[in-house]
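Beneath this line is the structure, given in structure tokens, with notes to follow.
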Amino acid sequence: MATAPYGVRLIVGAAVTAIEETRKLPQTILMYPMTVASTVAHIVMKVQQDLADLVIKGDAALENIFPPKDEQPEWATFDEDLGDTDAPAGNGERRTEGRFALYSVADGVGGPAGKGQETVTKSSRKTATATVPPIVEELDYESLTLAQLRARLQSLSVADLEALLAYEEASKSRAPFQTLLANRITRATAK
């Protein structure tokens, strides 16, 4: 078959394309709202990114012109301000002060060390451990966190709970542990 002239092929190609696009029109119309929404969202995000870039450049320029003042309040203490002795334990040791005191089991007093708060000395701990109830050794109470103790409370008798509470008061006196034990004793005796 001989090839049709270029103009004819062009017209036939345009007609076929028009027919194909007409057949796709119902599906394309359904997709228009999603396409428009996607395009608008893209434009909005691009404008936000451009504005953020401008703000960052403005901050950098203003910082060069007007260097920031060191405005750290006297009461604010940050980890980098502390010496090596007070730095947080990064080698797997548990923290015994601050918000992590609830879950600590270190040898120090659990809880924040405030002014006037007494710390338990090793000699007083030795006298307290001289009268260790058997339940303390059975549970390995010294190594339990608050969550681990809470999980074991259901299986303990009232006498064991009272012994644990007395031991806690005599040794570390950690308020969350005392409260947990006292509440469990109250619930157990009410049954």
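Taking region 145-157 as the range and being exposed (fewer than 14 other Cβ atoms within 10 Å of the Cβ) and either closer than 17 Å to ALA190 by Cβ or touching a His at 6+ places or on another chain (Cβ under 6 Å) (or both) as the test, the residues that pass are GLN154, SER157.
To keep it simple, each residue is scored yes or no on (1) at pLDDT below 75; (2) among the polar types (S, T, N, Q); (3) in contact with a Pro (Cβ under 9 Å, 6 or more places away or on another chain); (4) loosely packed, with under 10 Cβ neighbours inside 10 Å.
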{"position": "THR28", "(1), (2), (3), (4)": "no, yes, no, no"}
{"position": "ASP53", "(1), (2), (3), (4)": "no, no, no, no"}
{"position": "ALA61", "(1), (2), (3), (4)": "no, no, no, no"}
{"position": "LEU82", "(1), (2), (3), (4)": "yes, no, yes, no"}
{"position": "ARG95", "(1), (2), (3), (4)": "yes, no, yes, no"}
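Scanning region 118-125 finds one or more residues that are within 30 Å of THR179 (Cα to Cα), among the β-branched types (Val, Ile, Thr), surrounded by 10 or more Cβ atoms within 10 Å (Cβ to Cβ) and at pLDDT below 55.
The values are calculated or read from the model by the stated rules, or taken from the named source; none is laboratory data. Everything numeric in this text was worked out from a predicted model, so none of it was measured. Please note: Cβ atoms are built from the backbone with ideal geometry, for glycine as well, and neighbour counts cover all protein chains shown.
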